[in-house]
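Following: one structure in structure tokens, then a few remarks.
The values are calculated or read from the model by the stated rules, or taken from the named source; none is laboratory data. Keep in mind the model is a prediction, meaning the values are calculated, not measured. FYI the Cβ positions are ideal-geometry reconstructions off the backbone, even for glycines, and counts take in every protein chain you see. Only protein heavy atoms, including side chains, enter the accessible area calculation; ligands, DNA and RNA are left aside. Shrake-Rupley method; radii C 1.70, N 1.55, O 1.52, S 1.80 Å.
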Amino acid sequence: MHEDIRAIEQVIADIETGFNGNDPELSVAHFTDDATAVNVAGVLISGRDALLDANRAGLAGPLRDQYARYELGDVTFLRPDVAIAHKRAWAVTADGEPLDVGHAMIALYVFVRDDGRWRVAARQNT
């Protein structure tokens with residue numbers, strides 16, 4: 001189970017690196033082809049290609065100069081191949097200094113083990 005949690009932490013770390021580096025491909029690299037996500041504006045996006053398009057638009061536009069720090073919260077394994085996890089996020093400066101007193105966002109992730117690796121099947125931001 002520790003290996004699985006480390007792998008899920010790495011997925012979250014890659015998503016953070018993708019966001020902070022304006023890299024839309026890395027931001028969605030761990031999503032399944034049929035993944036769904038609700039973004040912070042409450043918009044439902046379905047499919048990895050649509051998620052990639054939304055990330056390209058956001059990271060080239062209003063999110064271009066935004067930075068965040070992500071932290072994996074609780075992880076619950078519903079089955080050996082399905083897990084749910086919470087991610088906390090803080091707005092930070094380009095140097096990583098927090099701009100928020102507490103976390104600014106929590107996201108719920110649904111992970112599935114696919115071909116031996118953990119992938120995101122769904123995400124809900126709040």
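Worth a mention:
- Residues that are assigned to a loop (DSSP other than H, G, I, E, B) and of a type in the set (Val, Ile, Thr), drawn from the range 76-114: THR93, VAL101
- In the range 100-118, the residues that are open to solvent by less than 30 Å² (accessible area, probe 1.4 Å) and at pLDDT 95 or above: ALA107, TYR109, PHE111, TRP118
- Which listed residue, of LEU72, LEU52, is modelled with pLDDT of 95 or more, assigned to a helix (DSSP H, G or I) and either under 14 Å from the mean Cα position of the chain (by Cα) or of a type in the set (D, E, K, R) (or both): LEU52
- Condition met for ALA83 (closer than 20 Å to ALA122 by Cα, open to solvent by less than 40 Å² (accessible area, probe 1.4 Å) and within 11 Å of the chain's Cα centre (by Cα)): no
- Residues within the range 52-75 that are open to solvent by 60 Å² or more (accessible area, probe 1.4 Å) and within 24 Å of ALA7 (Cα to Cα), tallied: 4
- GLU97 passes every criterion in (1) within 14 Å of GLU16 (Cα to Cα); (2) open to solvent by 40 Å² or more (accessible area, probe 1.4 Å) apart from (1).
- Beta carbons closer than 8 Å, at least 6 apart along the sequence or on distinct chains, pair a first residue in the range 95-121 that is farther than 21 Å from THR76 by Cβ with a second that is surrounded by 12 or more Cβ atoms within 10 Å (Cβ to Cβ) and small (Gly, Ala, Ser) for PRO98/ALA91; LEU99/ALA91; ASP100/ALA91; ALA104/ALA89; ALA104/ALA91.
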